[in-house]
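Take a look at the structure set out below.
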Amino acid sequence: MKKSMFRVLSIVLCFALLFGGAIGTSAADDAEISRVSCVVYGDGATGRGFTWYTPEEVECSIAIYVLGIDVTSSLDVKYDCSEWEGNFMHKAYVSGLKAGTVYTYRITAGAAAHNGSFSTDNGDDIVNFIVVGDVQASDFDAFEVGRKVVDKAYDVMPFAEFYATLGDYTNDSTNEEWDLYAQSFGGINSNTTHVPVTGNHDSNKGWFNSMFALDTTESVQTNNGVNYSFDYGNVHIAVVNTNDMIAISNAQLNWLRNDMNSTDADWKMVFMHKSPYSLGKDIKWPDACYLQESLAAVCDETNVDLVMSGHDHMYVRTKPLNDNKVVDQEDGTTYILAGATGSKRYEFRKFILDNYFSQEILDVAIAQANGEYFANGNLDNLDESYKGGIFNTVSVVGGALMLKSYVVNDETQELKMIDELTIIKPQGENKVTFTGENVNKGNVMDTLASFADLAMYVFTKWVPMFLKTLPDLIKEYIATGTF
């Protein structure tokens, strides 16, 4: 159904590009325009946010086309321009788009121009999208590893309506690295809808918010990341910033609670960077561990179905959980650490199990660094074909959700499905229980309460876990040089 629709839309798009006002789909038609992205804004059916950069301050505009006809005058377009780290950042926030429509667009900056395309959600209960984890690259070749994985994802799901990156786009969030990212991913980000998530490597001094034109009206803050939410069909997705107050502040937890209680969508999902459940090196620190208690409690309370995260560069899927215990599928939240899309990957830290969380909550785990995998309680399997970049596809059809995860072999570029999950649930059961204004900017008292809650967790729960595993950490550091 939806796949056939997108084949038709693709044909329509081809004619629009051939005969319309915006011709061509190259990553950039002029070197003066760079870092172009099209992201979700407000909701999947009616809004998009566009960002682009120029080396000089020039007059810029964006024109939106349907079948070659300029429809910009019928839309609400707001512009923003400011100097950023030696370049000029331009943003256009477009509202009033029509659902289920293929659009092309043309950005002009002085004499330069850049063309792209996107399609809007048609509002039905069939939604298909791609989720990828950390790219975290510093050089062009490393960015290309991640870009090729995303290309493979679109080969598998060419009808995907958007793709999400779960943080850590670059390694050091510098001008040079963002330029390299844009050179590699520019064609993708110009011609689809992107859902960006802040990573800890993206969080310094407002870089993330400067790269993407997101709806920040409900964001707790924007200096080290952004939180926002949107609807796509019968799916409601909240994007959380796990750089907020070390991991997450009380203000953002309150926002998430209100956000999830303000929707009656059949499916509730959370995208974020740091993962509460992992076998990687970063789960031993209190920021990630704290999410097992703080964010997981909100997910339990608000009936979140799926949480997808990055940060630790491996693939992990839990069984459905409530209160950190395994429950029936319809009563719990499934947590997925989506794997590394780039070339930086981690090995298992086996002492994590039954110290930082119970081994029984895990269903599948893949260590991309050495091809080790966990399934059915067995951590002793080794398969070199598991070494490579990972992507995930998600298909929602009414009351069914189907997730498939793949690894792209580094040497052969061959695909291997590493995991498959189907969740079935009744439709129409979620009810709206919050209708107020969901703005939680935080204040001094909230900050103090957030620190107090985190400190209580650290001293009463995290410190005992860490001390228990410290001998294993030291042994591993002596043997491998990795702490």
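The values are calculated or read from the model by the stated rules, or taken from the named source; none is laboratory data. All figures in this text were calculated on a predicted structure; none of them were measured in a lab. All Cβ positions, glycine included, derive from the backbone under ideal geometry; neighbour counts span all protein chains shown.
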Single residue of ASP259, ASP244, ASP266 found to be charged (D, E, K, R), touching a residue at least 12 places away in the same chain (Cβ under 8 Å), assigned by TED's automatic domain parsing to the domain that holds THR333 and touching a Ser or Thr at 6+ places or on another chain (Cβ under 8 Å): ASP259
Single residue of the range 53-76 satisfying the filter (farther than 30 Å from LEU180 by Cβ and β-branched (Val, Ile, Thr)) that is farthest from the chain's Cα centre (by Cα): ILE69
Boolean, ASN243 is part of a loop (DSSP other than H, G, I, E, B) and under 28 Å from ILE283 (Cβ atoms): yes
Count of residues meeting criterion [under 28 Å from MET308 (Cα atoms) and either β-branched (Val, Ile, Thr) or modelled with pLDDT under 95 (or both)] in the range 103-122: 1
Check on ASP231, not in a strand (DSSP E or B) and not assigned by TED's automatic domain parsing to the domain that holds TYR79: no
Leading residue by the ranking (nearest to VAL71 (Cα to Cα)) among those in the range 85-96 that are crowded, with 16+ Cβ neighbours inside 10 Å and more than 23 Å from the chain's Cα centre (by Cα): PHE88
Count - residues of the range 289-318 that are touching a strand residue (DSSP E or B) at 6+ places or on another chain (Cβ under 8 Å) and surrounded by fewer than 17 Cβ atoms within 10 Å (Cβ to Cβ): 0
Residue that is surrounded by the most Cβ atoms within 10 Å (Cβ to Cβ), among those in the range 456-483 that are part of a loop (DSSP other than H, G, I, E, B) and touching a helix residue (DSSP H, G or I) at 6+ places or on another chain (Cβ under 7 Å): THR482
Residues that are among the aliphatic types (A, V, I, L, M), farther than 28 Å from CYS299 by Cα and touching a residue at least 24 places away in the same chain (Cβ under 8 Å), drawn from the range 456-483: LEU473
Per-region count, the range 355-380, residues closer than 16 Å to ASP282 by Cβ and not in a strand (DSSP E or B): 4
Of all residues in the range 128-159 being within 23 Å of ALA45 (Cβ to Cβ) and either touching a Lys or Arg at 6+ places or on another chain (Cβ under 8 Å) or free of Cβ contacts under 8 Å to residues at least 24 places away in the same chain (or both), the one that is surrounded by the fewest Cβ atoms within 10 Å (Cβ to Cβ): PHE159
Selection from the range 386-431 of residues that are touching a residue at least 24 places away in the same chain (Cβ under 8 Å), β-branched (Val, Ile, Thr), over 17 Å from ASP363 (Cβ atoms) and surrounded by fewer than 18 Cβ atoms within 10 Å (Cβ to Cβ): VAL397
Of residues in the range 183-215 being of a type in the set (D, E, K, R) and surrounded by fewer than 22 Cβ atoms within 10 Å (Cβ to Cβ), the one farthest from ASP80 (Cα to Cα): LYS205
Selection count where residues are touching a Leu at 6+ places or on another chain (Cβ under 8 Å) and within 15 Å of PHE159 (Cα to Cα), scope the range 385-401: 4
Hits in the range 363-412 (condition: modelled with pLDDT of 95 or more and of a type in the set (Phe, Trp, Tyr)): PHE391, TYR406
Boolean, GLY225 is on the phi > 0 side of the Ramachandran plot and touching a strand residue (DSSP E or B) at 6+ places or on another chain (Cβ under 6 Å): no
Residues of the range 434-455 satisfying the condition of being surrounded by 11 or more Cβ atoms within 10 Å (Cβ to Cβ) and either without any contact (Cβ under 8 Å) to a residue 24 or more places away in the chain or hydroxyl-bearing (Ser, Thr, Tyr) (or both): THR447, LEU448, SER450, ALA452, ALA455
Out of PHE140, PHE159, sole residue that is under 28 Å from ALA238 (Cα atoms) and not assigned by TED's automatic domain parsing to the domain that holds ARG35: PHE159
Scan of the range 321-346 for residues that are farther than 17 Å from ASN370 by Cβ and in contact (Cβ under 8 Å) with a residue 40 or more places away in the chain, ordered by number: LEU321, GLN329, GLU330, THR334, TYR335, ILE336, ALA338, THR341
